[in-house]
Amino acid sequence: MKLVFAGTPEVAVPALDALIASGRHQVAAVVTRPDAPAGRGRRLVASPVAERAEEAGIEVLKPARPRDPEFLERLREIAPDCCPVVAYGALLPRVALDVPVHGWVNLHFSLLPAWRGAAPVQHAVLAGDEITGASTFLIEEGLDSGPVYGTLTETVRPTDTSGDLLTRLALAGAGLLAATMDGIEDGTLKAVPQPADGVSLAPKLTVADAHVDWAAPALRVDRVVRGCTPAPGAWTTFRGERLKLVQAVPVAERTDLAPGQLAVGKNNVHVGTGSYAVELLWVQAQGKKPMRAADWARGARIGDGERLGG
């Protein structure tokens, strides 16, 4: 088939690579979000997908909006058979959805209908899911509600951050998307409507969602830290300034600390929660680089009775 691939961040690159490498289909063009300011100089930078496509000599389209007439005209000129999508980042209007013969097929990082929305992996970690996965489905105008072509499952490991889990799903999902294109092309794969039961929503996480409540149980604190890593980044406050929590682990045997209370040892930093303590492994103070929590605590000269979170 002739394909137009839509995607933007690094997590979409493995799928693009898989389609390029398949040899069975032609990636005629790539659709991605416009260049965005990045770094301290706020210089405009192309998306990871745009960079990879340019390296491969593939035409790159960067519409401000997918309903822009110039973009729609070029899409019709290319006349793709199908448009595979991974984390494109913009809603596709009906006028664009109708262009390819086989529609737009999205690789979504959950087992639909669970975790429809922008942050399925983060919500799976926050909810304590033991199993998650990826799905390919035909995009409709509803939120991730279209019929499903295929799925794969992935175990959520006890120490997984959202970043860890998303990396594995992106690699495994690349193969699933390529196989879905093959099945659509040869007619062996039919999309199956999603069940009405089991729908859950996964909206984008906010900075407020990443704020750690030390009165919550240790397992909840652990999930917030892992689920919000690398973004938006779990955080608390210390002496009136924000402290980012990069890595922490529950310590079930320590139950003598009040919520937020700090206990600094020679090589460790424990914090009380609503159940048992967690050990801070890596933190990032405001305006500083990430550092080992023990080094941060030594530099901060933490006194008896001091707490996180005010």
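The values are calculated or read from the model by the stated rules, or taken from the named source; none is laboratory data. Given the structure is predicted, the values throughout are model-derived calculations rather than measurements. Using ideal geometry, Cβ is built from the backbone for each residue, glycine included, and neighbour counts are taken over all protein chains shown. Protein only, heavy atoms only, side chains kept; ligands, DNA and RNA dropped before computing areas. Shrake-Rupley method; radii C 1.70, N 1.55, O 1.52, S 1.80 Å.
Apply the a/c threshold of 1.5 to the C-alpha gyration tensor of the stretch 41-123 and tell me whether it is rounded, prolate or oblate.
Because a/c hits 1.5 or more and a/b fails to exceed b/c, the stretch 41-123 counts as oblate.
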Original post:
Mind ordering 300-308, 6-14 by average Cβ neighbours within 10 Å, highest first?
Top reply: 6-14, 300-308
Subject >> Taking the C-alpha atoms of the stretch 98-243, convex hull volume expressed per residue in Å³ >> reply: 120 Å³
**OP:** Enter the per residue convex hull volume of the chain, computed from alpha-carbon coordinates, in Å³ rounded to the nearest integer.
**Re:** 143 Å³
**OP:** Report the antiparallel proportion of the DSSP beta bridges in the chain as a percent, rounded to a multiple of 5.
**Re:** 70 percent
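Rounded, prolate or oblate: pick one for the stretch 251-310, where a ≥ b ≥ c are the square roots of the eigenvalues of its C-alpha gyration tensor, a/c under 1.5 means rounded, and failing that, prolate if a/b is larger than b/c, else oblate. If you can, show how the numbers build up before the last one.
On the way: a/c = 1.77, a/b = 1.63, b/c = 1.08.
Taking the square roots of the gyration eigenvalues as a ≥ b ≥ c, the stretch 251-310 is prolate.
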Original post:
For the stretch 161-257, which whole-number percentage of the solvent-accessible area (1.4 Å probe, protein heavy atoms only) is attributable to carbon and sulfur atoms?
Top reply: 58 percent
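By its C-alpha gyration tensor, with a ≥ b ≥ c as the square roots of the eigenvalues, how is the stretch 177-310 shaped: rounded for a/c under 1.5, else prolate for a/b larger than b/c, else oblate?
prolate
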Subject >> Approximate spin-label separation A118-N268, in nm, with each point projected 7 Å along Cα-to-Cβ >> reply: 3.9 nm
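Work through the residues other than A170 whose Cβ is under 12 Å from its Cβ and net out their charges, Lys, Arg +1 and Asp, Glu -1.
Net local charge, A170 excluded: -3.
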Original post:
Which value in deg cm²/dmol, rounded to the nearest 500, describes the helix-derived mean residue ellipticity at 222 nm for the chain, given -39,500 (n - 2.57) per DSSP H run of n ≥ 4 and division by the residue count?
Top reply: -8000 deg cm²/dmol
**OP:** Calculate, in whole percent, how much of the Cα-Cα pair population of the stretch 30-78 lies beyond 14 Å.
**Re:** 56 percent
**OP:** Apply the Karplus parameterisation 6.51 cos²θ - 1.76 cosθ + 1.60, with θ equal to phi minus 60°, to every residue of the stretch 251-262 and state each ³J(HN,Hα) to the nearest whole Hz, in sequence, with x for glycine and proline.
**Re:** 10, 5, 7, 10, 10, 9, 10, 6, x, x, 5, 9
Subject >> nm² value of the averaged projected area, convex hull over the Cα atoms of the stretch 1-68 >> reply: 4.9 nm²
Original post:
What's the local net charge at G272, with K and R +1, D and E -1, over the other residues with C-beta under 9 Å away?
Top reply: +1
Subject >> the stretch 20-158, relative contact order [Cα under 8 Å, separation at least 6], % >> reply: 16 percent
**OP:** For the chain, calculate the relative contact order in percent as a whole number, restricting contacts to Cα pairs under 8 Å that are 6 or more residues apart.
**Re:** 13 percent
**OP:** Compute the signed sum of charges (Lys and Arg +1, Asp and Glu -1) over the other residues within less than 12 Å, Cβ to Cβ, of P100.
**Re:** 0
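What whole-number value in Å² describes the accessible area per residue of the stretch 72-153 for a 1.4 Å probe?
I get 37 Å² per residue for the stretch 72-153.
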